[in-house]
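Just below is one structure, and these are the notes that go with it.
Laboratory data are not the source of any read-out in this text; all were calculated from the coordinates shown. Bear in mind that the values here come from a model prediction, so they are computed numbers and not experimental data. Glycine also receives a Cβ, built like all others from the backbone with ideal geometry; neighbour counts cover every protein chain displayed.
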Amino acid sequence: MTLPELVQLLKAIKRVVNGVEEPIPIAYSHFIPTVENPMPSPPFICYLVTDSNTFAAGNKPIHESVNVDIELYVKTKSLSIEKQIKNLLTENELPWSYTEVFVENEGVFQCTFSITLI
């Protein structure tokens, strides 16, 4: 799977705002707020390539794997959005590891799903 394919899958994740289901905002690394596109309120997702590895033979790179962090930011714990992400990764045979921290100065939980795209 490629990074653009992963992004297309993530666009299927939904959030509920004022009782209305809508696609969750997604950005690479971070959002760049403008007058036309202000910073979204949580929940939202940022994803980031953290590193990559190359498989080589005969001193020639043959294949690259890319490690990606999918970061879900929420004001309060959202088991429903986490479940959507876990289901999406499982259905697409993408094993993950999970960490969670509270970002005190932002008042949000950062739930990180770390995956490898091969």
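Things to note:
- Largest GNM mean-square fluctuation among Lys83, Lys11, Lys60, using the chain with Cα springs under 10 Å: Lys60.
- Across the range 80-86, coupling constants 3J(HN,Hα) worked out from phi with the 6.51/-1.76/1.60 Karplus curve, θ = phi - 60°, read 5, 6, 4, 5, 4, 5, 4 Hz, and Gly and Pro carry x.
- Computed from the C-alpha gyration tensor, the three semi-axes of the ellipsoid equivalent to the chain are 28, 16, 14 Å, from longest to shortest.
- About its Cα centre, the chain has a charge dipole of approximately 160 debye under the convention of +1 per Lys or Arg Cβ and -1 per Asp or Glu Cβ, with nothing else charged.
- Placed amide H near Ile13: partners under 5 Å, 5+ positions off or other chain: Ile24
- Backbone N under 14 Å from the Glu106 label point (7 Å along Cα→Cβ), restricted to the range 1-41: 25-33, 39-41
- Set of lysines near Lys11 by C-alpha distance (under 28 Å), chain-local residues within fewer than 8 positions excluded: Lys75, Lys77, Lys83, Lys86
- Charge dipole of the range 3-117 about the Cα centre (unit charges at C-beta), most positive-ward option of Val7, Asn18, Tyr47: Asn18
- Computed 3J(HN,Hα) for the range 10-25, one whole-Hz value per residue from the Karplus formula 6.51 cos²θ - 1.76 cosθ + 1.60 where θ = phi - 60°, is 5, 5, 7, 5, 10, 10, 10, 10, 6, x, 10, 7, 8, x, 6, x, glycine and proline marked x.
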